Amino acid sequence: MSRSIVRQSKFRHVFGQTVKAEQGYDDIRVSKVTWDSSFCAVNPKFLAVIIESSGGGAFLVLPLSKTGRVDKNYPLVIGHSGPVLDIDWCPHDDNILASCSEDCTAMVWQIPDHALTRPLSDPVVVLEGHSKRVGIVSWHPTARNILLTAGSDNLIIIWNVGTGEPLISMDDHPDLIYSVSWNRNGSLFCTTCKDRRLRVCDPRKREVVAERLAPHEGIRPMRAIFTRDGNIFTTGFTRMSQRELGLWDPTNFEEPIALLELDTSNGVLLPYYDADANMVYLCGKGDSSVRYFEITEEPPYVHYLNTFSSKEPQRGMGFMPKRGVDVSKCEIARLYKLLDKKCEPITMTVPRKSDLFQDDLYPDTAGPEPAMEPEEWLDGRDEDPILVSMRQGYVPPKSRELKVVKKNVLDSRPTTRRSMSTLDTNSLPLLERLLEEIQNLKATVLSQEKRICDLENKLSQYTNGTA
């Protein structure tokens, strides 16, 4: 007599739940631009949402604690001259955000710890190198200040944000790039493209090291992400327009590890990956559900866990890094679902009876410290993320200023100086008075800057509840 054996997994009973209405974010005009981006980015400090705006591109940045109705006059980030297409928080600094736009530029912003009091229009650095709209921004997972951008000019550029200079440029894609994903240590990235190819690229060698034609036979857009084991998880469409997911070994692209048909729908499936739990959350644009799967080493390798369903379809989704979840409630993931006019957080929880810290649910996770400098990565060094314990929860550090040191092109030019003997001797007292006035103004400005810094620190303490 045979007995069915139920697969053992601590994530088998994960369930999703929408937070109470007052804990959501209301009156947000989510962008209507036709681009398959998530339109939302979140970290342990802030929620950022691309919104509709006239006269260029803008996005909204809210402290996570600022729930409820958002004032229609709330200050925005308004530096782009065209619609914003993608945003991404820096994994090594919770106050640094990258954005890209139809205006052919990418920008990096420093967000103050307290809520914005006036519109932010001055980025820390503007990255100009693409000839067409820039649709993807993605930070390097372990190296400081390394940012990847991909544009409709089929070009991938990797920048050192600390100097504002392009380090690497790759033109191996003959058509529009749909998605880019770094592997765990940032030595490789994978891309999907309109030419229906899945590619694995080594940016420092500036070459494609592996590729697969049509991992999904349909012509609709694909998505691909690296898993912690170095495999690649993909979503796409069959020839009959059914949505499909796949798991691939990039060292052997001949046959998939797993291939699974899901349903018939038009929305592109956006995958969000939790490396600690080895789980993938699939969110389709226009869907009203979130499916989640566990990836294991036993067949069938990709195990369906459950589906979270709600009434309204989603316009986009944000995924909280693991260090931002609430360990006291056994929360293993938090998604931020964008609707037409609001954003709803969804908590994913493993039911446990004990109130103690659950070691098996929370292995050490990637922390905010970079593992290496940009020069070390460029010279060929690879490092896994620096891990932090979740036992005491995670407290975000205070804002650190991002300093951009640009090379001065004028340094190489010979300077021409006028001899003092050519100056009119009558003008010397005037020059002395001007110099003295300049010095006095500089001293005044320095004292005011110090005062502003002190006031901002006090304001930050009050908003964080530490005062």
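The values are calculated or read from the model by the stated rules, or taken from the named source; none is laboratory data. All values reported here derive from a predicted model rather than from experimental measurement. Using ideal geometry, Cβ is built from the backbone for each residue, glycine included, and neighbour counts are taken over all protein chains shown. What goes into the accessible areas is simple: the full protein's heavy atoms, side chains included, and nothing from ligands, DNA or RNA. Shrake-Rupley method; radii C 1.70, N 1.55, O 1.52, S 1.80 Å.
Across the chain, Cα pairs under 8 Å and at least six residues apart give a relative contact order of 14 percent.
As a check on your grasp of the helix formula, calculate [θ] at 222 nm for the chain: sum -39500 (n - 2.57) over DSSP H runs of n ≥ 4, divide by the residue count, round to the nearest 500.
On the way: 2 runs with 42 residues, N = 467.
Result for the chain, helices only: -3000 deg cm²/dmol.
What the Cα atoms of segment 331-377 give is an Rg and a Dmax of 17.0, 48 Å. Counting only Cβ charges, +1 for Lys and Arg and -1 for Asp and Glu, the dipole size of the chain around its Cα centre is about 1040 debye.
At most 15 other Cβ atoms within 10 Å plus a DSSP loop assignment makes a site exposed; report the longest stretch of the chain without any exposed GluC sites (Glu not before Pro).
Working: sites that count: E52, E217, E254, E297, E401.
Counting only loop sites that pass the neighbour cut-off, the longest clear stretch is 53-216.
In the chain, a dipole from Cβ-located charges (positive for Lys and Arg, negative for Asp and Glu) runs towards its positive end, and of Y362, P91, A333 it is A333 whose Cα lies farthest in that direction.
Here the label points at T18 and K450, each 7 Å from Cα along the C-beta direction, are separated by 5.3 nm in the simple model.
Spin-label pair E373-K205: with each label point 7 Å from Cα along the Cα-Cβ axis, the two points sit 2.7 nm from one another.
Treating each Cα of segment 95-216 as one equal point scatterer and applying the Debye formula with no solvent, the log10 of I(q)/I(0) at q = 0.13, 0.21 Å⁻¹ comes out as -0.52, -1.20.
Take the Cβ-Cβ distance between N306 and V404 as r, set R0 to 41 Å, and report the resulting FRET efficiency rounded to the nearest 0.05.
On the way: r = 45 Å, r/R0 = 1.10.
Calculated transfer efficiency: 0.35.
Take the eigenvalues of the Cα gyration tensor for the chain, scale each by 5, and report the square roots as semi-axes in whole Å, largest first. Show your work: numbers first, answer last.
Numbers: eigenvalues 372, 152, 91 Å².
Calculated on Cα positions only, the semi-axes equal 43, 28, 21 Å.
Taken per residue, the accessible surface of the chain reaches 51 Å², heavy atoms only and a 1.4 Å probe.
Quote to one decimal, in nm, the extra length available between R352 and R391 on full extension: 0.36 nm per residue of separation minus the C-alpha distance between them.
Working: separation 39, 0.36 × 39 = 14.04 nm, distance 1.61 nm.
Result for the pair: 12.4 nm of gain on full extension.
By DSSP, what percent of the beta bridges with both residues in the chain are antiparallel, rounded to the nearest 5? Each step should come with its number before you reach the end.
Numbers: 109 of 113 bridges.
So the antiparallel bridges amount to about 95 percent of the total.
The loop-placed trypsin sites (Lys or Arg not before Pro) in segment 65-139, going by DSSP, that have at most 10 neighbouring Cβ atoms within 10 Å of their Cβ come out as K72.
Remark: segment 293-306, residue by residue, has Karplus-estimated 3J(HN,Hα) of 10, 10, 9, 10, 8, 9, x, x, 6, 10, 9, 5, 9, 5 Hz, where x stands for each Gly or Pro and the curve is 6.51 cos²θ - 1.76 cosθ + 1.60 at θ = phi - 60°.
Let's test the formula: R0 of 51 Å, r as the Cβ-Cβ distance of N73 and T163. What FRET efficiency results, to the nearest 0.05? Don't skip to the end; give the middle numbers.
Working: r = 37 Å, r/R0 = 0.72.
For N73 and T163, the calculated efficiency is 0.90.
Here the average projected area of the convex hull drawn through the C-alpha atoms of segment 1-78 stands at 9.0 nm². Taking 7 Å steps out from each Cα toward its Cβ at E52 and V33 produces label points 1.5 nm apart. Expressed as a whole percent, the accessible area of segment 31-316 that falls on carbon and sulfur atoms is 45 (1.4 Å probe).
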